[in-house]
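First comes the structure, then the notes that go with it.
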Amino acid sequence: MKVNVKGQGEVEFEDGMSISDLVEKLDYHKDSVIVLKDDEPTPLDEDLEDGMSLKIISVVSGG
């Protein structure tokens, strides 16, 4: 099964994987990203669905 990740293209995943699993598979730290689905923030524990389109935004903070 595949999802489309903006900037990454199509990414294959296994049935039962969550967005959090995908974030880790793509070598992002899940505490430093926001994932958008349909331009809305999406919980990382949501299950992936075939054909989903996602955007992963790295969050930067500092002082």
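The values are calculated or read from the model by the stated rules, or taken from the named source; none is laboratory data. Nothing here was measured: the structure is a model prediction, and the numbers come from that model. Methodologically, a virtual Cβ is constructed for each residue, glycine included, from the backbone with ideal geometry; neighbour enumeration extends over all protein chains shown.
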* Hey, can you tell me all the residues within the range 1-38 that are touching a residue at least 40 places away in the same chain (Cβ under 8 Å) and either aliphatic (A, V, I, L, M) or within 13 Å of G51 (Cα to Cα) (or both)? => M1, K2, V3, N4, V5, K6
* **Scope the range 1-10; condition surrounded by 10 or more Cβ atoms within 10 Å (Cβ to Cβ), over 10 Å from the mean Cα position of the chain (by Cα) and under 16 Å from D27 (Cβ atoms); matching residues** => Q8
* Selected residue [within 17 Å of E10 (Cβ to Cβ) and of a type in the set (D, E)] from D45, D50 -> D50
* To do: Go through the range 11-57 residue by residue and tally those that are among the basic types (K, R) and surrounded by fewer than 13 Cβ atoms within 10 Å (Cβ to Cβ).
  => 0
* Structure fact -> Within the range 12-63, residues over 10 Å from the mean Cα position of the chain (by Cα) and part of a strand (DSSP E or B) come out as E12, E40, P41, D47, S58
* Structure fact -> Note on the range 21-57: residues closer than 18 Å to N4 by Cβ and among the polar types (S, T, N, Q) are T42, S53
* Asked: Going through the range 5-25 one residue at a time, which ones are closer than 15 Å to S58 by Cβ and modelled with pLDDT under 95?
  -> G7, Q8
